[in-house]
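Bear in mind these aren't lab numbers, they're just calculated from the coordinates by the rules spelled out. From a predicted model like this one, the values you see are computed outputs, not experimental measurements. In this analysis, Cβ positions are derived from the backbone assuming ideal geometry, glycine residues included, and neighbour counts consider all displayed protein chains.
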Ligand code: G3P
């Protein structure tokens with residue numbers, strides 16, 4: 001009798017495999033990074049073959065560490081960096097081009113043309129998204145227009161599209177031997193191509209991008225009792241495991257944080273930050289720069305929607321301190337360095353490397369460090385980087401409160417950056433509300449495991465999952481109201497500079 005559920009978390013910087021027990025406890029994990037390919041300013045690519053190889057390796061190693069085999073896994077769930085676009089040939093299994101990553105801004109002309117031609121309103125109404133470089137539709141169009149042979153193969157039904165969930169499901173179930181070509185509504189809702197009401201690809205939206213329908217995967221529920229397929233016996237798991245869960249990583253984290261009630265929200269601190277608020281079966285249209293997205297669809301139940309505030313650069317700003325500025329040797333050191341000063345010393349850092357996402361949606365904005373004087377040191381830059389993570393989250397929380405009319409009384413957090421105690425304390429200070437972190441901070445993989453296990457009755461209900469959630473740590477606000485408002489006013493001024501820079 002199998003006692004565990006596995007999950008693949010295919011993220012922006014790394015891929016991990018995790019195994020959970022019935023209590024939602026972690027049994028084992030392994031994680032490997034993949035290369036960030038940066039061919040020119042604003043371009044970000046991944047090699048899909050490398051991502052598949054990393055997935056194979058982390059699956060094998062995790063099973064080995066846990067001394068388990070495929071037969072011990074009830075089900076496998078997949079979760080993934082959303083929007084990142086892979087186009088491959090269904091006969092050979094070979095990608096035509098590197099994956100174009102969600103952070104890539106090469107499609108800014110495509111996005112602004114949509115707005116200019118008056119198509120923006122249709123995309124907002126049908127897909128819940130503003131035209132932006134962030135989403136998959138423009139990236140597919142770019143590949144169709146710029147990579148030799150893809151257009152003809154796409155018309156012939158040979159070139160197919162997927163986000164990395166679809167790419168991995170295809171490879172796990174068969175690859176060139178006839179893998180499945182499927183996705184779920186959470187991933188599809190990030191393409192600008194799916195109609196949020198019908199949960200199907202929309203012909204008018206497809207026509208905006210010149211994308212043949214035959215390229216697109218079939219959309220199946222996020223928790224799928226009918227299974228997407230089973231892992232092939234010759235694959236990395238060396239056995240047939242039912243594939244029954246698929247969610248974009250931010251929606252998966254929302255499930256892992258058991259935000260199943262209307263009005264419940266979580267904020268994930270990864271490469272970027274993503275705050276999702278469950279709005280139930282109701283589609284709420286944002287008036288304040290948030291996205292409307294599918295939160296999850298379990299089996300044949302009605303879809304649950306969310307409002308999302310997406311922030312492109314948070315944890316990756318800390319990586320930038322390490323890799324490009326060389327002022328820290330690892331993420332943990334950002335905390336030590338920032339702790340050397342009491343405050344930001346007047347310095348604000350707006351890391352608009354991929355433009356600014358929510359609530360501004362300005363693909364043309366670029367980063368800035370402002371307020372410098374001779375007095376400032378690396379420590380102020382480190383502190384300003386952590387504050388930028390928190391101020392960007394405040395921008396999104398304000399938008400969410402304005403849209404929903406609900407005042408947040410606690411912020412549930414997860415993701416790698418939550419290991420940074422100082423950053424979480426600043427978050428509580430900047431927001432003026434407590435910040436709460438669960439014992440299992442790997443909520444993304446956990447959410448994919450929950451979706452997969454729910455589909456097959458390993459967990460009976462969402463109520464059962466809620467009982468697995470326990471608080472590990474809570475940060476209380478310590479700033480005065482005056483400190484909070486002065487600090488935020490400085491941030492807003494700094495953001496304005498990054499927008500003016502372009503004009
Ligand atoms: O929308 C992009 C998001 O899904 C990426 O998340 O954690 O892989 O950076 P992450």
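Here the ratio of the Cα radius of gyration of region 48-119 to 2.2 N^0.38 Å is 1.64. Between helix 48-66 and the chain there is an angle of about 90 degrees, using the helix long axis and the longest principal axis of the Cα atoms. Could you pull out which residues in region 102-125 have an amide N less than 19 Å from a spot 7 Å beyond the Cα of residue 47, following the Cα-Cβ vector? Residues 102 fall inside that zone.
When the Cα gyration tensor is reduced to axis lengths a ≥ b ≥ c, the ratio a/c is 1.5 or higher for region 1-130, and with a/b above b/c it is classed as prolate. Helix content alone sets the calculated 222 nm mean residue ellipticity of the chain: runs of n ≥ 4 DSSP H residues at -39500 (n - 2.57) each, divided across all residues, give -10500 deg cm²/dmol. For region 398-440, the share of alpha carbon pairs falling in successive 5 Å distance bins from zero is 5, 21, 27, 23, 15, 8, 1 percent. Could you give the distance between the Cα centres of region 279-310 and region 440-487, to the whole Å? Comparing the Cα centres of region 279-310 and region 440-487, I get a distance of 18 Å.
Put a dot 7 Å past the Cα of residue 233, heading toward its Cβ, do the same for residue 60, and the two dots end up 1.9 nm apart.
In terms of Cα atoms, the Rg and Dmax of the chain work out to 21.6, 66 Å. Most simply put, the chain has about 70% antiparallel DSSP beta bridges, counting only bridges with both residues inside it.
Which distance in Å, rounded to a whole number, links the C-alpha centroids of region 1-29 and region 124-159? With region 1-29 and region 124-159 each reduced to a Cα centre, they are spaced 32 Å.
Largest first and in whole Å, the equivalent-ellipsoid semi-axes of region 104-263 read 28, 21, 12, each the square root of five times a Cα gyration tensor eigenvalue. In region 302-390, the inverse of the mean reciprocal separation of distinct Cα atoms equals 14.0 Å; this is its Kirkwood hydrodynamic radius.
For the chain, the longest principal axis of the C-alpha atoms and the axis of helix 443-455 are separated by about 30°. Helix 136-146 and the longest principal axis of the Cα set of the chain meet at an angle near 70°.
Remark on region 274-337: Rg and Dmax equal 17.9, 51 Å (Cα only).
On full extension, the segment bounded by residue 116 and residue 21 gains 29.1 nm, given 0.36 nm per residue less the C-alpha separation.
Over the Cα atoms of region 349-470, what is the Rg over Rh ratio if Rh follows Kirkwood? Before the final figure, lay out each step's value.
Working: Rg = 18.2 Å, Rh = 17.1 Å.
A ratio of 1.06.
The alpha carbon gyration tensor of region 155-220 gives principal lengths a ≥ b ≥ c with a/c of 1.5 or higher and a/b no greater than b/c, which makes the shape oblate.
Placing a label point 7 Å from the Cα of residue 325 along the Cα-to-Cβ direction, the residues of region 341-369 with a backbone N closer than 17 Å are 341-354, 366-369.
Take the Cα of residue 336, step 7 Å toward its Cβ, do the same at residue 467, and the gap between the two points is 4.4 nm.
Ranked from highest to lowest mean number of other Cβ atoms within 10 Å per residue, what is the order of the peptides 481-488, 400-407? Intermediate results must be reported in sequence, preceding the final value.
Working: 481-488: 13.5, 400-407: 15.0.
Peptide ranking by packing, descending: 400-407, 481-488.
A Förster distance of 30 Å, applied to the separation of the beta-carbon atoms of residue 302 and residue 207, puts the FRET efficiency at 0.60.
Based on the alpha-carbon gyration tensor of region 110-190 and its eigenvalue square roots a ≥ b ≥ c, which shape applies: rounded if a/c is under 1.5, prolate if not and a/b is larger than b/c, or oblate? If you can, show how the numbers build up before the last one.
Working: a/c = 2.97, a/b = 1.57, b/c = 1.89.
In terms of gyration-tensor shape, oblate.
Given R0 = 30 Å, the distance between the Cβ atoms of residue 38 and residue 482 translates into a calculated FRET efficiency of 0.10.
If you build the convex hull over the alpha carbons only and average its shadow over all orientations, what do you get for region 1-46? Give it in nm² to one decimal.
Working: hull surface 15.9 nm².
Averaged projected hull area, Cα only: 4.0 nm².
Modelled this way, with points 7 Å down the Cα-to-C-beta line, the labels at residue 147 and residue 409 are 5.0 nm from one another.
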